[in-house]
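Step one of this worksheet: look at the structure below.
The values are calculated or read from the model by the stated rules, or taken from the named source; none is laboratory data. No experiment lies behind these values; they were computed from the predicted model shown. Because the Cβ atoms are built from the backbone with ideal geometry, glycine has one as well, and the counts that use them run over all protein chains shown.
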Amino acid sequence: MAGSPILDAPWTGTTFQPPTALDIAAIEGAIVDQLKAALGNVIEVTHFPDRPEVYELRHRVGVAMVIFLGSAYSKEYDVGNVVQERTMEFGVGIRIRDLGWAFGGPASGPSPGAYQILEGVRVALTGFQPNTGCTKMRPTRERFVQRAITKNSMHEGTWVYEMRFETRTAAVEEYQAPTFPLFVLGTANEGLAMYDAAEGPRVPAITVKVESLTFVTDTLSLQRGDIGIVVVKSRDLATTYIEQLDYVVDYSAGTVTRFSNGAIASQATVAVSYGYGN
């Protein structure tokens, strides 16, 4: 076709990867899936369209459309980091062809009506937990919006309702690696004083040292023996390994031996901190 753009390679599209499992789109997707499982055999369930003014209702009963409405944030809980409670609000827009007198009278049409669908949405989402990092959802309000009467429209004669739900989660600032130097050597004083015949009462000192070592074999040799209070972490200090589960220490010899079935990988570089008396 004349004037059509020519690409140097076929475009296959892209896939959005949310920064966390608590991303808005991830939670909204879980809500849509929950409603599809509960009501998908009765009505259409979908995300709210980008252009609702041109959306055409083609389902014989109606549609439930999910949209994120916004969040409210609490005050910070920590002076050193931004940690807040985030209350997220989601709306479910319901557009149904029949009002449906489910209670107190005969149905106003042959299809399931708005009243039945409202109750179905409420039951499906009340107590639903979209993610393990969220609280269970709770309804906050539902209301009649309008009866669409636009002539020659796919929405003509439909009943429009809105339901709102909330879930709470945590909002935490992105972790920034510290820029200060790694602590490698220090001296601490014990709390109990000892008596020295020449010097009188004194507080014995304990040296705390950190070494960065690599498991060339399964056993590391520290710079000295007769040690205590050993802590082994990953190279980036993000993981603390567990003694007797990931490694074993010979305190007299000053060695650390990793377990092959533990969390420390072969040839791994670790940070080992330990104390010893002066």
Requested in this report: Could you please let me know if Val216 is out of contact with any Leu (no Cβ under 6 Å at 6 or more places or on another chain), β-branched (Val, Ile, Thr) and surrounded by 14 or more Cβ atoms within 10 Å (Cβ to Cβ)?
Outcome: no
Report task. Quick one: in the range 42-70, of everything that is touching a residue at least 40 places away in the same chain (Cβ under 8 Å) and closer than 24 Å to Arg138 by Cα, which residue is surrounded by the fewest Cβ atoms within 10 Å (Cβ to Cβ)? Result -> Leu69
Requested in this report: Can you give me the number of residues within the range 253-274 that are part of a loop (DSSP other than H, G, I, E, B) and of a type in the set (Val, Ile, Thr)?
Outcome: 1
Query raised in the report: Looking at Arg86, is it modelled with pLDDT of 80 or more and within 20 Å of Val160 (Cα to Cα)?
Result: no
Query - Qualifying positions in the range 71-102 - part of a strand (DSSP E or B) and farther than 30 Å from Gly157 by Cα - result: Ser71, Ala72, Tyr73, Val83, Gln84, Glu85, Arg86, Thr87, Met88
Query raised in the report: Based on what the data block shows, is Val32 part of a helix (DSSP H, G or I) and modelled with pLDDT of 75 or more?
Result: yes
